[in-house]
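Everything on this sheet refers to the single structure shown next.
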């Protein structure tokens, strides 16, 4: 029996994160939604941080927690992730998620697993093409290189950087956040597992870019998100050096894999990630269906 249970509180939220961590641990070499993807969704989209209690769902099969889903009713889409041993049960699980939507709607989801893709098609979904460029880097084989900074300084974000960080918050996502909300994020338990770097002008101290690494110590994986360089400072190699700097730190701390993703048609970002060693590892395909 399948149960789709809402994420009602922080305890449930931690259960959701624990499942994602296990999924990353099963196949760390493949790109995953990761703690970072969930965190970005929670703290940098929507209107408030507790909207996760509206769209977060835990998936139980015979009272065993086997996965989770992020169900965005107003956007007519959902994303679902399952532990590897339960992906054959898609035919039982997906219809229960579909019941959360109104009949007659065209809904969308994404998938990066061949078995799940086949079952989605069997359930009446059709492919809408590649959704994202999703890549990973094997830090076990990564060779750190010294990063040279001339007119810039890279450092952990501090109070003096917050105003400009918020001012340019929409650069990577198009989603603007308030200073109050950003400061609340910095005070969360999740933020304790994020390295929020800023690159600033060495003389004036003005923000040039920002780069955040979300760390999952359980699976020894990390996700880079967001990545942003202020327009006037682009094409100077700042982002490439900032990412290399972060990768060096991950290597030193014993992390095994790191993930990035961007839209499938974002050639600039794809070129950047590829230049520092990230390799596309899966096809993330969008699927849709009228229910």
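Hey, among 70, 58, which residue is under 21 Å from residue 224 (Cβ atoms) and either without any contact (Cβ under 8 Å) to a residue 12 or more places away in the chain or assigned by TED's automatic domain parsing to the domain that holds residue 125 (or both)?
The match here is 70.
Out of curiosity, is residue 199 touching a helix residue (DSSP H, G or I) at 6+ places or on another chain (Cβ under 7 Å) and more than 22 Å from residue 132 (Cα to Cα)?
Considered against the rule, which asks whether it is touching a helix residue (DSSP H, G or I) at 6+ places or on another chain (Cβ under 7 Å) and more than 22 Å from residue 132 (Cα to Cα), residue 199 comes out as yes.
Looking at 77, 102 in this structure, which one is in the same structural domain as residue 11 (by TED's automatic domain parsing) and either at positive phi or touching a strand residue (DSSP E or B) at 6+ places or on another chain (Cβ under 9 Å) (or both)?
77
For every residue, the table says whether it meets (1) in the same structural domain as residue 32 (by TED's automatic domain parsing); (2) within 21 Å of the chain's Cα centre (by Cα); (3) crowded, with 17+ Cβ neighbours inside 10 Å; (4) in a strand (DSSP E or B).
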position	(1), (2), (3), (4)
180	no, no, no, no
188	no, yes, no, no
199	no, no, yes, yes
203	no, no, no, no
209	no, yes, yes, yes
218	no, yes, no, no
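May I ask you to say which residue of 4, 59, 97, 107 is in a helix (DSSP H, G or I) and either modelled with pLDDT of 95 or more or touching a helix residue (DSSP H, G or I) at 6+ places or on another chain (Cβ under 6 Å) (or both)?
97
Could you please give the count of residues in the stretch 241-279 that are surrounded by fewer than 16 Cβ atoms within 10 Å (Cβ to Cβ) and under 17 Å from residue 133 (Cβ atoms)?
9
Would you mind telling me which numbered condition in (1) under 15 Å from residue 209 (Cβ atoms); (2) surrounded by fewer than 17 Cβ atoms within 10 Å (Cβ to Cβ); (3) modelled with pLDDT of 95 or more residue 235 fails?
Here residue 235 clears every test but (3).
Within the stretch 133-154, can you find the residues that are under 17 Å from residue 261 (Cβ atoms) and surrounded by fewer than 19 Cβ atoms within 10 Å (Cβ to Cβ)?
Of everything in the stretch 133-154, just one residue is under 17 Å from residue 261 (Cβ atoms) and surrounded by fewer than 19 Cβ atoms within 10 Å (Cβ to Cβ), namely 138.
The values are calculated or read from the model by the stated rules, or taken from the named source; none is laboratory data. Please read all numbers here as calculations on a predicted model, not as lab measurements. FYI the Cβ positions are ideal-geometry reconstructions off the backbone, even for glycines, and counts take in every protein chain you see.
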